Amino acid sequence: MPIDSETFGSTAEEPVAEPTDAERVLAFLVANADRAFTLQEVTAGVDGDHDAVEAALGRLTERGLARRRTKYWAVGDVEAIRAASDLHRELAALSDQLEA
C-alpha cells in the first residue's frame, strides 16, 4: 500500500541488524577461502571476542560450514554454505512477510 511523501519523510528508518558472530566468522572464512587460520587469527580477523568466535567456529564446524584440522579452521563445504545462505534468505523474507 503506497504512502504519501510526507509520511515517507517522517518515517524512521528501521535499524539494520548487526551480523551475528557466526555470520562474521563465516564471511571471513569465505573471503579467505584459500587459507586456514588459528582461533586467534580468526578472532583478530573479525575483531571479535575470543570465546564468542570459538563458539561460532564450533557451531559452524558441526554444520559443515567450517572445517578444523588441529589448531586451524578453514571454510567448509561450499554446497552446505550455499544451502544455509538460501535458507537464511528465505527465513528473512518470511519474517518480513509476517511483520507486514
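Remarks
- Taking Cα atoms only, the orientation of helix 78-99 departs from the longest principal axis of the chain by about 20 degrees.
- Once backbone amide H atoms are built at 1.01 Å from N, Trp73 has Phe37, Thr38 as its partners under 5 Å, excluding neighbours fewer than 5 places away on the same chain.
- Karplus-derived 3J(HN,Hα), 6.51/-1.76/1.60, for each residue of region 33-49, Hz, glycine and proline x: 5, 8, 9, 10, 10, 6, 4, 5, 5, 5, 4, 5, x, 9, 6, x, 7
- For the peptides 44-53, 82-91, residues were scored by their other Cβ atoms within 10 Å and the scores averaged per peptide; the highest-first order is 44-53, 82-91.
- Over region 29-71, the reciprocal of the mean inverse Cα-Cα separation, the Kirkwood hydrodynamic radius, stands at 10.6 Å.
- Additional length obtainable on full extension of the chain from Leu98 to Arg68, 0.36 nm per residue less Cα span: 7.0 nm
- Three principal axis lengths of the chain [C-alpha, angstrom, descending]: 59, 27, 22
- In degrees, nearest ten, helix 50-62 long axis to first principal axis of the chain (Cα): 90 degrees
- Degrees between helix 21-31 axis and first principal axis of the chain (Cα, 0 to 90, nearest 10): 70 degrees
Read the figures in this text as sums done on the coordinates, not as results from a lab. Just so you know, these numbers come straight off a predicted model, no measurement behind them. Using ideal geometry, Cβ is built from the backbone for each residue, glycine included, and neighbour counts are taken over all protein chains shown.
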